[in-house]
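The values are calculated or read from the model by the stated rules, or taken from the named source; none is laboratory data. Computed from a prediction, not measured in an experiment: that's the story for all the values here. Note that each Cβ is placed from the backbone with ideal geometry, even for glycine, and that neighbours are counted across all protein chains shown.
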């Protein structure tokens, strides 16, 4: 099955960038902007993404649906799509690319499958793609994951992880546990130093003995107030993943508290 039309829910910071790059590589990229914010509508326009205001109209035209939303909205987005699939009979494959636990991915898979569509588990690693930076990695797993291989090299990198639902979301959980978990620890440390009246002294020590960590702190800290709200649910999903694997969830439960 050749992919020609890719539907993206929702064209936010990551989604519109992915859509734009796919559009530049010849795909028709569409979405449904019903009940979306003015900002999302603006980003969709910037990404060259065509809007179909009725969900079933988008599904009728789509060869594949990519769900790219904040993790706290992943289940809701899937439920809305599944409801439209059940009502309309238009059931293209659905790839959930969100930062959710394998357990959440399996629950979403059940809802989508019951609506009549094939489910593909996904995980995105790296920042939004652009012409200058096209190494955003999309991991996919599931019985129909090979469908997404066609997107490889089209502004993104696609890596397949076999047929198991939970494998792609699992690698996302491992990756974000380290990257965003580290950011939370760094944020807690500099907050503590400030509270103890030692901000200057701690900064000097880190500059001289922990240069790599210091550079990471100074580069990531200014952006955290903008993105922390979406990291909270991601940390909760990571904690759930750790607990299901028999590893303490408390570190990332604490990380979620840091991001509040």
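Within region 177-187, identify whether any single residue is on the phi > 0 side of the Ramachandran plot and in contact (Cβ under 8 Å) with a residue 40 or more places away in the chain, and answer yes or no.
No; the residues of region 177-187 include none that is on the phi > 0 side of the Ramachandran plot and in contact (Cβ under 8 Å) with a residue 40 or more places away in the chain.
Considering only region 194-216, state which residues are assigned to a loop (DSSP other than H, G, I, E, B) and either closer than 22 Å to residue 179 by Cα or in contact (Cβ under 8 Å) with a residue 24 or more places away in the chain (or both).
Passing the criteria: only 210.
Do we find that residue 133 is more than 18 Å from residue 238 (Cα to Cα) and under 16 Å from the mean Cα position of the chain (by Cα) in this structure?
no
Name the residues in region 22-33 that are more than 19 Å from the chain's Cα centre (by Cα) and assigned to a helix (DSSP H, G or I), would you?
23, 24
Report yes if residue 252 is outside the structural domain of residue 110 (by TED's automatic domain parsing), within 22 Å of the chain's Cα centre (by Cα), surrounded by 17 or more Cβ atoms within 10 Å (Cβ to Cβ) and modelled with pLDDT under 95, otherwise no.
no
Okay, residues lined up against (1) surrounded by fewer than 20 Cβ atoms within 10 Å (Cβ to Cβ); (2) over 21 Å from the mean Cα position of the chain (by Cα); (3) not assigned by TED's automatic domain parsing to the domain that holds residue 137:
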{"position": "20", "(1), (2), (3)": "no, no, no"}
{"position": "35", "(1), (2), (3)": "yes, no, no"}
{"position": "39", "(1), (2), (3)": "yes, no, no"}
{"position": "52", "(1), (2), (3)": "yes, yes, no"}
{"position": "68", "(1), (2), (3)": "no, no, no"}
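Picking from 74, 107, which residue would you name as being assigned to a helix (DSSP H, G or I), in contact with a strand residue (DSSP E or B) (Cβ under 7 Å, 6 or more places away or on another chain), under 21 Å from residue 244 (Cβ atoms) and not assigned by TED's automatic domain parsing to the domain that holds residue 241?
74
Table: residues versus (1) in the same structural domain as residue 243 (by TED's automatic domain parsing); (2) at pLDDT 95 or above; (3) closer than 27 Å to residue 231 by Cβ; (4) buried (at least 22 other Cβ atoms within 10 Å of the Cβ).
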position	(1), (2), (3), (4)
81	no, yes, yes, yes
91	no, yes, no, no
112	no, yes, yes, yes
132	no, no, yes, no
146	no, yes, no, no
